[in-house]
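The next block holds one structure in the form of structure tokens; read it before the comments.
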Amino acid sequence: MSINIPRGTQDILPGTVEKWQHIEKITTEICRNYQYKEIRTPIFEHTELFQRGVGDTTDIVQKEMYTFTDRGDRSLTLRPEGTAAVVRSFVENKMFGDPNQPVKLYYNGPMFRYERPQSGRYRQFVQFGVEAIGSEDPAIDAEVLALVMDIYKTAGLQKVELVLNSLGDKDSRVAYRNALIEHFQPRIGEFCEDCQSRLEKNPMRILDCKKDREHELMKSAPSILDYLNEYSRTYFEKVQSYLTALGIDFTIDPTLVRGLDYYNHTAFEVMSRADGFGAITTLCGGGRYNGLVSQMGGPDVPGIGFAFSMERFLAAMEAEGIAWEDDNRLDCYVVSLGEEAKDYTVKLVHDLRTAGIKAERDYQNRKMKAQFKAADRLQARFVAILGEDELKENKINIKDMETGEQQEIALDQFVETLRKKMEEK
Ligand code: HAM
């Protein structure tokens, strides 16, 4: 019996992987422009990192982690997200001592959540994310938001919407928390079990409940924006004014609370508004997390970041019908006929490749016609034909597949001639 791929995971096959590489190129280039440097952290971490970092009461920690005990009896967890690990590394490697502050990092790698798979939701997915740690300047919030919107714009996405909220600082949230408890407590019995346990632990998360979304108390719930203190309100206004100066459109949604515990002040999501994108419309999520670094044993250093999954990014591009030129077209297919010519092309194709030319040959002992067909399938720009006669005379035939033009040239001039022709193209 054959073994299938685990539920909620996928193979990225040739033909699709080029799309991933296309996006990876965009993210890498844009990060360079904004001066974010790549960080790579382990796929698994101590379970405690996520319990403390993401938060004990979150869905991620309570229901979704891939946790296992290793042979040394340690509890380890496949990372469900990147921020906690990046902050751990920031503290462990004393990056707070770096003279360049804030420390601006990006990452791109697989994350794991035991969620119910559906369109746009996987158990293994790849997150690209950035974290700017060490500044509490609204300008860095605007920079992080500009960066993600720049990535989407460069990829050609148009139907994206930036949704913004402020969760305020600690004092604002304490006031808001009390208001929410007062609002929901009298009728909490009408809510789901999760909401009931959230009431004391983390009442803001009630606003994020999928089951009770339609309950009338949800619509009449107090707004965080009415509970922001002076500092938080001014901070939020400043972020908005920078975004306006940058020409970045946004809408404000006071019910946007995010599913992870570490957020305060700026919280945001980017939604796809493309038809046919699917039920889950969130492309990207992020926000400010002042307090997380100190909670992880570091100094009291603020931070902000976001992450999006490559899977949803690609789905949005598909929904908007965005195509692009794949530059992996073959430069030259070498057709050979006869044993000696075949032997000769082993080195010839190698020479082309080491000269920077994308080259291919036959390995199936195919007839000439089938070799030409293979060249066609690979969309070869040139086909070179080497038969026994040509080999004896030290010559080779080149056919330009776009113009149909054929030319016979000296075999020892072949690589150089083709290189020049490619440059002209
Ligand atoms: P998050 O909202 O849990 O935030 O996830 C961010 C993004 O990851 C989502 O918007 C979505 O694109 C993608 N994502 C999450 N779960 C799945 C899934 N099961 N399948 C496919 N894609 C998924 C975080 O992870 C935070 N660490 C973001 C952040 C960084 N905040 C500050 N810095």
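Values in this text are rule-based calculations from the coordinates and carry no lab data. Predicted, not measured: the structure shown is a model, and the values here were computed from it. Using ideal geometry, Cβ is built from the backbone for each residue, glycine included, and neighbour counts are taken over all protein chains shown.
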Cβ contacts < 8 Å: first residue surrounded by fewer than 19 Cβ atoms within 10 Å (Cβ to Cβ), restricted to region 123-144; second residue part of a strand (DSSP E or B) and of a type in the set (Phe, Trp, Tyr), any location; separation 6+ or different chain. Result? Gln124/Phe112
Among the residues of region 178-193, are any in contact (Cβ under 8 Å) with a residue 40 or more places away in the chain and over 28 Å from Val144 (Cβ atoms)? yes
Mind listing just one residue for me: the one in region 86-110 that is touching a residue at least 60 places away in the same chain (Cβ under 8 Å) and of a type in the set (A, V, I, L, M, F, W, C) and, of those, surrounded by the most Cβ atoms within 10 Å (Cβ to Cβ)? Val87
Can you confirm whether region 244-263 contains a residue that is surrounded by 18 or more Cβ atoms within 10 Å (Cβ to Cβ) and either in contact with a His (Cβ under 7 Å, 6 or more places away or on another chain) or of a type in the set (Gly, Ala, Ser) (or both)? no
Over region 329-364, the set of residues among the polar types (S, T, N, Q), free of Cβ contacts under 8 Å to residues at least 24 places away in the same chain and not in a loop (DSSP other than H, G, I, E, B) is Thr354
Quick one: Asp326 ticks every box in (1) acidic (Asp, Glu); (2) touching a residue at least 60 places away in the same chain (Cβ under 8 Å); (3) assigned to a helix (DSSP H, G or I) except a single one, so which number is it? (3)
Against the definition (more than 14 Å from the ligand (Cβ to nearest atom), buried (at least 17 other Cβ atoms within 10 Å of the Cβ) and part of a helix (DSSP H, G or I)), how does Lys25 come out, yes or no? no
Which listed residue is of a type in the set (D, E, K, R) and not in a loop (DSSP other than H, G, I, E, B), from Arg258, Arg213, Arg233: Arg233
